[in-house]
Amino acid sequence: MGSAGNFLIDALLSLYLVFIIMRIMLQWVQADFYNPFSQVIVKLTDPVLYPLRRLIPAGHRLDTAALVLLIALTLLKFYLLVTTSGRFPNLAGALVIAGAEILEMATDVLFFSLLARIIMSWIQPQSRHPVISIIIAITEPLMAPLRRVIPPMGGLDFSPIALFIVLGLFDRIIITPLFDFGYQLAF
């Protein structure tokens, strides 16, 4: 029962955390909030964020209430999963691990958004589907600078490959050492 409970906690909280990360990303890139996909994310996150907004002021492009909620829920998830095994980490290590997990989930969202963008460019390159416009809004701020360094050659855009490499390096250089440091600090 403990394993199934841990799986359920991890799956449900991780899914909700991805929605919060998407909300932060969509605000950061100033995506169209009237897009149906954006509206789904807003409707899923507003019930928890609305009361927090009364306490936490919003930044210009950064939804600080969503960021605080993201950190709090990631800490809660970590403590729920770890304490069921009988271990009790200290707060400093848990914060570092939560930060690393948030970065990892954000990197995963970017990775899968980029992968979806590539696949959709093969299937329906000129599609105006609402999800595709959100995927483009999320990935374009990272791909545009890479296109200036690596221009399209022969009609092929190599910036997605470069972005995959950058995301992989970010995972290995920043996220993995953060997890290692957090676990050393926590236990």
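The values are calculated or read from the model by the stated rules, or taken from the named source; none is laboratory data. All of these numbers come straight from a predicted model, not from anything done at the bench. Neighbour counts are summed over all protein chains in view; Cβ atoms, including those assigned to glycine, are modelled from backbone coordinates with ideal geometry. Surface areas here come from the heavy atoms of the whole protein model, side chains and all, with no ligands, DNA or RNA. Shrake-Rupley method; radii C 1.70, N 1.55, O 1.52, S 1.80 Å.
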Open item on the list: Please verify whether Ile71 is open to solvent by less than 30 Å² (accessible area, probe 1.4 Å), touching a residue at least 24 places away in the same chain (Cβ under 8 Å), under 24 Å from Phe181 (Cβ atoms) and assigned to a helix (DSSP H, G or I), treating the condition exactly as stated.
Closed with: no
Task: Among (1) touching a Leu at 6+ places or on another chain (Cβ under 6 Å); (2) loosely packed, with under 12 Cβ neighbours inside 10 Å; (3) more than 22 Å from Asp180 (Cβ to Cβ) - the single one Lys43 does not satisfy - done: (1)
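Per-residue answers, yes or no, for (1) under 18 Å from Ala31 (Cβ atoms); (2) in contact with a Lys or Arg (Cβ under 9 Å, 6 or more places away or on another chain); (3) at pLDDT below 95:
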site	(1), (2), (3)
Ser133	yes, no, yes
Ala144	yes, no, yes
Val149	no, no, yes
Pro152	no, no, yes
Pro160	no, yes, yes
Phe164	no, no, no
Leu169	no, no, no
Ile173	no, no, no
Phe181	no, no, no
Open item on the list: Show the residue pairs meeting these rules: Cβ distance below 9 Å; 6+ apart or different chains; first residue within segment 112-136 and β-branched (Val, Ile, Thr); second residue surrounded by 16 or more Cβ atoms within 10 Å (Cβ to Cβ) and not in a helix (DSSP H, G or I).
Closed with: Val131/Asn35; Ile134/Ala31; Ile134/Asn35
Task: Cβ pairs under 9 Å, 6+ apart, first in segment 1-17 and touching a residue at least 12 places away in the same chain (Cβ under 8 Å), second of a type in the set (Gly, Ala, Ser) and part of a loop (DSSP other than H, G, I, E, B) - done: Gly2/Ser85; Asn6/Ser85
Task: Members of segment 44-93 that are out of contact with any helix residue (DSSP H, G or I) (no Cβ under 8 Å at 6 or more places or on another chain) and under 13 Å from Ile20 (Cβ atoms) - done: Asp46, Pro47, Thr64, Ala72
TODO: Count, please, the residues in segment 11-38 that happen to be open to solvent by 60 Å² or more (accessible area, probe 1.4 Å) and in a helix (DSSP H, G or I).
DONE: 5
Task: So Leu146, is it out of contact with any Ser or Thr (no Cβ under 7 Å at 6 or more places or on another chain), open to solvent by 30 Å² or more (accessible area, probe 1.4 Å) and either assigned to a helix (DSSP H, G or I) or closer than 24 Å to Ile41 by Cα (or both) - done: no
